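Okay, structure first, notes after.
The values are calculated or read from the model by the stated rules, or taken from the named source; none is laboratory data. Because the structure is predicted, anything quoted here is derived from the model rather than measured. All Cβ positions, glycine included, derive from the backbone under ideal geometry; neighbour counts span all protein chains shown. The protein model used for the area step is the full one, side chains on, heavy atoms only, and it has no ligands, DNA or RNA in it. Shrake-Rupley method; radii C 1.70, N 1.55, O 1.52, S 1.80 Å.
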Amino acid sequence: MNLKMMPFRKYSARSLIFITAILVLAGCASVTERLATTPAKEKVVEHNLISGREGSNGPVLAVKIDDTAQAHPQIGIDQADVVYIEQVEGGLTRLAAVFSSIIPIRIGPVRSARISDIDLLAQYGHVAFAYSGAQQKLLPVIAAANLENLGAQRESPLIYTRDPARIAPVDMVLRADLLMAKLIEQNVSITPARSPGWYFGSAPIGGKSIISATMKWPASFYSATWSAGQSRWLMSHAGNPDFAESGKQLGPTTLVIQMVSITPSEYHDKFGGVTPFSATVGQGTGYILRDGKVFKAQWQRLDAASGTRWTLADGTSVAFAPGQIWVALTDSAPEFTLPIASAGPTIASATPTPTK
């Protein structure tokens, strides 16, 4: 009886092994087939709401940066989302750099705040505001503003460092990484990136092709030359190519020339120079430069908490090109260099006066 059952048992074992192998292979084939027919999960790419470029919508840090010849090359500014050019005492310019998608380790040279910064930065919400100091009369105004007051007079020298390769007053360098880490540690709430009023998309129809643009202030000037190869405007400062400390030439994909009213304020620097006030709330005209073209446009900002909206003459919104943005706040008409085939009268023949 047992002898007769043995072949059957051997046969059953082999059958089970064979059947199991088939099932395993079938299962693998089924899994393979499912993997082949199931689409891979697409990676979600985040775009910063301020600049439109790839990057996080992290907390907003605004830093005041010196713009004299001695301050160049500046540090970290090539990673800013927006760079504002402001007029200060003596007709010179100073920069306000806004960071969110990327916050570099070092930024500078850091310089003092001005009254124009209060309204200018309000459209970004409650931002971290880094600066080297301010006139005594202006300090309580900054403290009362919707800004996280992070001036050097309130912070450690480990955060506001000195660069031994530079001379005062253009040697102060912010350790932005340590400053932002401190805010996180102390649970300080900073507004994340949000739209400052503009948006991103294709260029509007029309515009005028240009080779370059020149923007002037009483004691300073910038030029921007279109680079088709890099798809951005390459900046020059006081006639010299404008390089960051990283070695990269500075240049935005969208350059905004915002015509504003610049008037004397009640504030003065330590040498008695009157601090100018650039009015960025109200309405006026200007120019949007992108894709090698210039578009004459209008700007409107209802109040300090509102963003700046840009439209064409017919009310159509002007989309910016994704990438770094520079905004020149000036009351002097820019000059545009046209291609030889298009040579003719400049489109900036008069200085429009904005109203507040």
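Points to keep in mind about this one:
- Probe 1.4 Å - accessible area at residue 335, Å² to nearest ten: 90 Å²
- Principal axis dimensions, the stretch 146-255 - Cα atoms, whole angstrom, descending: 50, 36, 29
- FRET efficiency for residue 317 and residue 261, using Cβ-Cβ distance with R0 set to 22 Å, rounded to 0.05: 0.40
- Most to least accessible of 208, 270 (protein chains only, probe 1.4 Å): 270, 208
- Length gained when the stretch residue 268-residue 106 is fully extended (0.36 nm per residue, less Cα-Cα span): 55.4 nm
- Ranked by the mean number of other Cβ atoms within 10 Å of their residues, highest first, the peptides 308-320, 167-179 fall in the order 167-179, 308-320.
- At full extension, residue 212 and residue 156 could sit 15.9 nm farther apart than now, given 0.36 nm per residue minus the alpha carbon distance.
- Label-zone membership for the stretch 244-281, site residue 45, 7 angstrom Cα→C-beta point, backbone N under 20 Å: 252-254
- Computed over protein heavy atoms with a 1.4 Å probe, the accessible surface of the stretch 146-258 works out to 49 Å² per residue.
- For residue 85, the accessible area of its heavy atoms, probed at 1.4 Å with every protein chain present, is near 0 square angstrom.
- By a 1.4 Å probe calculation restricted to protein chains, residue 81 has an accessible surface near 0 Å², given to the nearest 10.
- P(r) for the stretch 107-173, from all Cα pairs and a bin width of 10 Å, is 21, 50, 26, 3 %, short bins first.
- Rounded to whole Å, sorted largest first: equivalent-ellipsoid semi-axes of the stretch 52-129, Cα gyration tensor: 21, 16, 9
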